[in-house]
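J.: Please read through the structure below; I'll follow up with questions.
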Amino acid sequence: MDYQNIFLEIPKELEQIADKGNVASYIPELSNINPDKFGIHLTTIDNRNYSLGDSDEKFSIQSISKVLSLCLAFKLEKDELWSRVGVEPSGSPFNSLVQLEYEKGIPRNPFINAGALVICDVLVSRLSHPKRDFLEFLRRISGIENISYSPRVAASEKSTGYRNLALISLMKEFGNIENNIETVLDLYFNLCSIEMSCKELSKTFLFLADYGVHPLTKERVVSVSKSKRINAIMQLCGFYDEAGEFSFKVGLPGKSGVGGGIVAIHPGQYSIAVWSPKLNEKGNSYKGMKILEFLTTRTRSSIF
Ligand code: DON
């Protein structure tokens, strides 16, 4: 596939996309970003790389980190995990509280905030130094040393993170959080604050395009079965109450973050990351979704 030539069509495509959406401002630090940034990077499983725009610039990956924390928790906890968090789409916004009460503190899936908080609780229980150990895991599976938390973004989110505090408090009351809620929230805010570029994200996620083995580092990150399941959860839950729309238009498993990033996987072929900070009303990158829709149609490379 001649991705390079197709990538050259993206600027023309971008010109035709309305300048809609808003940068996330409920986390004050995120509102400082230049809204016109745009980057994209595709890596094939045989390590061919295609990029455009601000693809080397690091940004706040936010909820994209939920896929990586799920990978580690699933490895450590195995199928026990699924008694504490479901695998069904929520049909609700990522930070919604309503479902959680009538479903007795069991989040619908690991990608809504409530589910990701349960995953962080598992990591706090299982790891001796959760923040350090997670970063070590991430650096190892990506083969990239230069990945860190942003203390500024984590502190900024902590200062306004009342919904996450409400979600974790409710789950604690239902008995679905084992550890001190401050400790779990601290890990959660730090995971959301991780900064990576499109190029780094696309390379890091390659193991989910190659059935659990990272084709560049050769490390088996997760089993074939776990890789299949994690992609399935991305397909169904990666975009919250817009998961159907992303499947419908892009047709790949993927995950978004309120920093404006999206990662998507084509099993057996490639992983791709795109970044454009303005979000639509569901909290997903407005232009990111449009460009991925253009690419999977133009290259005929959706899973459908
Ligand atoms: O907890 C939050 O609200 C943010 N740190 C992450 C939310 C997020 O990225 C949702 N994704 N689209």
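J.: When the stretch 204-230 is examined, which residues are found to be free of Cβ contacts under 8 Å to residues at least 60 places away in the same chain and buried (at least 21 other Cβ atoms within 10 Å of the Cβ)?
T.: Of everything in the stretch 204-230, just one residue is free of Cβ contacts under 8 Å to residues at least 60 places away in the same chain and buried (at least 21 other Cβ atoms within 10 Å of the Cβ), namely S227.
J.: If you go through the stretch 218-245 one residue at a time, how many are in contact with a strand residue (DSSP E or B) (Cβ under 6 Å, 6 or more places away or on another chain) and within 16 Å of the ligand (Cβ to nearest atom)?
T.: Total meeting the criteria: 3.
J.: From the list I45, I10, I17, I33, which residue is surrounded by fewer than 20 Cβ atoms within 10 Å (Cβ to Cβ) and touching a Pro at 6+ places or on another chain (Cβ under 9 Å)?
T.: Result: I33 is the single residue among I45, I10, I17, I33 that is surrounded by fewer than 20 Cβ atoms within 10 Å (Cβ to Cβ) and touching a Pro at 6+ places or on another chain (Cβ under 9 Å).
J.: Another question about this same structure. Show the residue pairs meeting these rules: Cβ distance below 8 Å; 6+ apart or different chains; first residue within the stretch 47-63 and at positive phi; second residue crowded, with 22+ Cβ neighbours inside 10 Å and of a type in the set (D, E).
T.: Going by the 8 Å Cβ cut-off, there are no qualifying pairs.
J.: Right, next: Would you point out the residue of the stretch 78-96, among those that are assigned to a loop (DSSP other than H, G, I, E, B) and closer than 16 Å to I177 by Cα, that is nearest to the ligand (Cβ to nearest atom)?
T.: Keep residues of the stretch 78-96 that are assigned to a loop (DSSP other than H, G, I, E, B), which gives 84-96.
Applying the additional criterion that residues be closer than 16 Å to I177 by Cα yields 84-86.
Details: R84: 19, V85: 16, G86: 18 Å.
Among residues in the stretch 78-96 that are assigned to a loop (DSSP other than H, G, I, E, B) and closer than 16 Å to I177 by Cα, the one nearest to the ligand (Cβ to nearest atom) is V85.
J.: Could you list all residues from the stretch 247-304 that are without any contact (Cβ under 8 Å) to a residue 24 or more places away in the chain and closer than 18 Å to I17 by Cα?
T.: E281, T297
J.: Residue check, D133 against (1) within 29 Å of N32 (Cβ to Cβ); (2) surrounded by 14 or more Cβ atoms within 10 Å (Cβ to Cβ); (3) free of Cβ contacts under 8 Å to residues at least 12 places away in the same chain, all met but one. Which one?
T.: (1)
J.: While we're here: Return the only residue of S65, S55 being assigned to a loop (DSSP other than H, G, I, E, B) and out of contact with any Ser or Thr (no Cβ under 6 Å at 6 or more places or on another chain).
T.: Going through S65, S55 in turn, the sole match is S55.
J.: How many residues are within 12 Å of the ligand (Cβ to nearest atom), surrounded by fewer than 24 Cβ atoms within 10 Å (Cβ to Cβ) and small (G, A, S) if we restrict to the stretch 257-290?
T.: Result for the stretch 257-290: 1.
J.: Here are M171, M196: which of them is touching a residue at least 40 places away in the same chain (Cβ under 8 Å), within 19 Å of the chain's Cα centre (by Cα) and either farther than 25 Å from S25 by Cα or buried (at least 21 other Cβ atoms within 10 Å of the Cβ) (or both)?
T.: M196
J.: S202 is checked against (1) touching a helix residue (DSSP H, G or I) at 6+ places or on another chain (Cβ under 9 Å); (2) among the hydroxyl-bearing types (S, T, Y); (3) under 23 Å from V258 (Cβ atoms) and fails just one. What number does that condition carry?
T.: Condition (1) is where S202 drops out.
Every read-out reported here was derived from the displayed coordinates using simple, explicitly stated rules and does not represent laboratory data. These numbers were taken from a predicted model, which means no experiment stands behind them. Ideal geometry is used to build each Cβ from the backbone, glycine not excepted, and the neighbour counts take in all protein chains shown.
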